[in-house]
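See below for the structure under consideration.
Bear in mind that the values in this text are calculations on the coordinates, not laboratory data. Here the structure is a predicted model, which is why all the values come from computation and not from measurement. Neighbour counts are summed over all protein chains in view; Cβ atoms, including those assigned to glycine, are modelled from backbone coordinates with ideal geometry.
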Amino acid sequence: MQNIEKNLNRIRARIAAAAEACGRAPDSVLLLAVSKRKPVADIRKAFELGQKHFGENYLQEAQQKMQQLTELDICWHFIGAIQSNKTRNIAEAFDWAHCIDRVKIARRLSDQRPAGMAPLNVCIQVNIDHEDSKAGIELDAVVELAAAIHELPGIRLRGLMTIPAPRADFTDQRNAFAQLAAMLVSLRQQGIDCDTLSMGMTQDMDAAIAEGSTLVRIGTAIFGDRI
Ligand SMILES: *Cc1c(COP(=O)(O)O)cnc(C)c1O
């Protein structure tokens with residue numbers, strides 16, 4: 001816990017360096033602190049150090065934390081898989097959902113988003129390496145789902161999200177992210193307005209930023225290993 005300040009400073013410097021290395025502004029990359037399986041005290045600490053965006057994977061755990069942190073103006077991102085029976089709570093409590101891969105879930109989130117709230121920001125999760133173990137859709141199914149989401153009033157399509165298979169080589173990491181970046185360009189060309197590439201974790205964030213990531217999801221490098 002005493003390392004959070006050092007870790008946050010280090011990760012901010014790493015984001016800035018990766019952005020500058022490819023001629024991007026450091027503030028064009030949003031840092032999402034992934035706090036799953038970490039205590040509320042860690043979130044509080046990071047918030048005091050200026051961290052505003054937090055990501056959680058498990059609804060129950062997230063709800064318990066939110067209840068203890070209501071006084072903090074945190075922007076909450078749901079970055080786990082979404083089952084139908086979870087959509088109402090997610091629509092009511094979160095600002096973002098990153099793992100949309102079915103129109104049915106998108107419709108429920110839109111219908112269940114409370115009227116007084118801004119639309120829920122969503123990303124379509126792409127299974128870039130066709131892994132059975134991962135959620136997400138194939139690249140060639142993105143346009144159809146994006147077009148459907150575009151019509152829904154309660155949610156707002158912000159872009160694409162992916163978790164590539166681990167690759168040791170920097171160029172290989174970049175190649176995976178480049179496919180997602182190209183798809184975002186393609187969506188825009190087809191008149192679907194979106195601005196977010198949610199890609200890059202502790203191990204591959206530098207490659208993701210080189211390929212245009214606008215949001216990196218970082219857990220371990222901020223909060224330490226998860227047990
Ligand atoms: C856990 C998780 C992260 C953070 O991963 P680290 O390797 O700890 O940085 C990012 N994105 C998703 C979807 C996750 O589940």
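Out of (1) under 19 Å from residue 28 (Cα atoms); (2) in contact with a Ser or Thr (Cβ under 6 Å, 6 or more places away or on another chain); (3) more than 14 Å from the ligand (Cβ to nearest atom), the odd one out for residue 161 is which?
(3)
Residue-wise test of (1) part of a strand (DSSP E or B); (2) of a type in the set (Lys, Arg); (3) surrounded by 13 or more Cβ atoms within 10 Å (Cβ to Cβ).
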| position | (1), (2), (3) |
| --- | --- |
| 5 | no, no, yes |
| 11 | no, no, yes |
| 24 | no, yes, yes |
| 50 | no, no, no |
| 55 | yes, no, yes |
| 60 | no, no, no |
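Residue pairs, Cβ under 6 Å, 6 or more apart or interchain, first in the stretch 16-38 and without any contact (Cβ under 8 Å) to a residue 40 or more places away in the chain and under 17 Å from residue 222 (Cβ atoms), second in a helix (DSSP H, G or I) and not small (Gly, Ala, Ser). List them.
16/26
Consider the stretch 88-128. How many of its residues are hydroxyl-bearing (Ser, Thr, Tyr) and buried (at least 24 other Cβ atoms within 10 Å of the Cβ)?
Residues meeting the conditions: 0.
When only residues in the stretch 214-227 that are surrounded by fewer than 21 Cβ atoms within 10 Å (Cβ to Cβ) and in a loop (DSSP other than H, G, I, E, B) count, which is farthest from the ligand (Cβ to nearest atom)? Reasoning before the result, please.
Restricting attention to the stretch 214-227, the residues satisfying the condition of being surrounded by fewer than 21 Cβ atoms within 10 Å (Cβ to Cβ) are 214, 220-221, 224-227.
With the extra rule that they be in a loop (DSSP other than H, G, I, E, B), the set shrinks to 214, 224-227.
Values: 214: 15, 224: 9, 225: 8, 226: 7, 227: 12 Å.
Here the residue is 214.
Is it the case, given these coordinates, that residue 192 is touching a helix residue (DSSP H, G or I) at 6+ places or on another chain (Cβ under 8 Å), farther than 25 Å from residue 47 by Cα and within 16 Å of the ligand (Cβ to nearest atom)? Steps first, please.
Values: touching a helix residue (DSSP H, G or I) at 6+ places or on another chain (Cβ under 8 Å): yes; farther than 25 Å from residue 47 by Cα: yes; within 16 Å of the ligand (Cβ to nearest atom): no.
In short, no.
Quick one: in the stretch 48-99, which of the residues that are under 18 Å from residue 163 (Cα atoms) and hydrophobic (A, V, I, L, M, F, W, C) is nearest to the ligand (Cβ to nearest atom)?
For the stretch 48-99, the residue satisfying everything is 79.
Considering the stretch 195-213 alone, what residues qualify as being surrounded by fewer than 20 Cβ atoms within 10 Å (Cβ to Cβ) and within 16 Å of the ligand (Cβ to nearest atom)?
201, 202, 203
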